[in-house]
Amino acid sequence: MSIFLAEFIGTMFIIVLGNGVVANVLLNKSKGQNGGWIVITFGWAIAVFVGVYSSASVSGAHLNPAVTIALAVLEKFDWADVPMYILAQFAGAMTGSFLMWLAYKQHFDATTDTDAKLGVFCNMPAIPNVFFNLLTETIITAVFVLGVLFIAAPQSSLGALDALPVALLVLGIGLCLGGPTGYAINPARDLGPRIMHFLLPIGVKRDSGWGYSWIPVVGPVLGGVIAAMVWKMMQ
């Protein structure tokens with residue numbers, strides 16, 4: 001239960017802060033409105049720092065199904081524990097997006113741009129193209145997971161002090177590779193809040209982008225597995 005709660009709380013921190021910075025930049029009448037991409041990427045980096053630091057000593061701070069699956073592929077993690085970790089990550093992501101919505105409820109009500117409202121919760125591509133969108137999410141998640149493996153080595157899980165380099169890695173990915181798809185790099189980060197966008201009463205809203213929703217799930221999982229295979233070849 002303590003491991004489940006650690007993954008739940010760590011992922012909740014990532015989403016309430018990460019989606020929160022997007023809400024701050026995109027929603028009407030927010031004090032951070034139009035803050036821009038750099039504000040968003042720094043906010044996400046801080047979100048990851050808090051999430052990792054708060055959970056690393058208990059669960060290893062996976063906070064991402066792609067990381068959990070990659071560690072299982074590397075035999076650094078028991079496959080039997082994968083479902084529990086992923087369930088905790090999705091529950092944390094959905095709870096975090098719900099708390100973010102509560103904090104910004106008045107601003108969702110004041111915003112008429114339905115694409116912006118969706119963008120607070122989850123990702124949509126800048127240029128829709130199934131092949132390239134999937135390729136982008138695969139590449140950037142492979143970069144992320146391989147980077148995490150280097151940061152964590154020779155440990156099998158992240159220690160609390162590794163939260164800062166992981167946050168800087170996320171910042172770098174956002175600044176350098178985040179433009180095409182919004183750098184989901186985490187199935188729970190995208191699909192959990194997307195479900196909440198569908199369920200929550202956020203006023204006038206568009207569909208939840210279900211046609212695209214599989215890409216931020218499949219791409220990160222593929223990227224994580226590829227990173228694990230590359231890591232194996234390097235050992």
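The values are calculated or read from the model by the stated rules, or taken from the named source; none is laboratory data. Values in this document were obtained by computation on a predicted structure and should not be read as measured data. As a convention, Cβ positions derive from the backbone with ideal geometry for all residues, glycine included, and neighbour counts pool all protein chains shown.
Yes or no: segment 212-221 includes at least one residue that is of a type outside the set (Val, Ile, Thr), touching a Phe, Trp or Tyr at 6+ places or on another chain (Cβ under 6 Å), in a helix (DSSP H, G or I) and in contact (Cβ under 8 Å) with a residue 40 or more places away in the chain. No, that holds for no residue. Filtering segment 118-135 to residues that are surrounded by fewer than 23 Cβ atoms within 10 Å (Cβ to Cβ) and closer than 19 Å to Gly32 by Cβ leaves Leu118, Gly119. Leu199 meets each of the listed conditions (1) surrounded by fewer than 21 Cβ atoms within 10 Å (Cβ to Cβ); (2) closer than 25 Å to Glu75 by Cα; (3) at pLDDT 95 or above apart from (2).
Does Thr11 satisfy the condition of being hydroxyl-bearing (Ser, Thr, Tyr) and under 17 Å from Leu168 (Cα atoms)? Criteria not met by Thr11. Residues of segment 75-92 that are surrounded by fewer than 17 Cβ atoms within 10 Å (Cβ to Cβ), within 19 Å of Ala153 (Cβ to Cβ) and of a type outside the set (Lys, Arg): Glu75 alone.
Name the residue that is farthest from Gly209 (Cα to Cα), counting only residues in segment 63-119 that are at pLDDT below 95 and in contact with a Ser or Thr (Cβ under 7 Å, 6 or more places away or on another chain). Only one residue tops the list, namely Lys76.
How about segment 22-49: which of its residues are under 17 Å from Met124 (Cα atoms), buried (at least 18 other Cβ atoms within 10 Å of the Cβ) and not small (Gly, Ala, Ser)? Matches in segment 22-49: Val22, Val25, Leu26, Leu27, Ile40, Thr41, Trp44.
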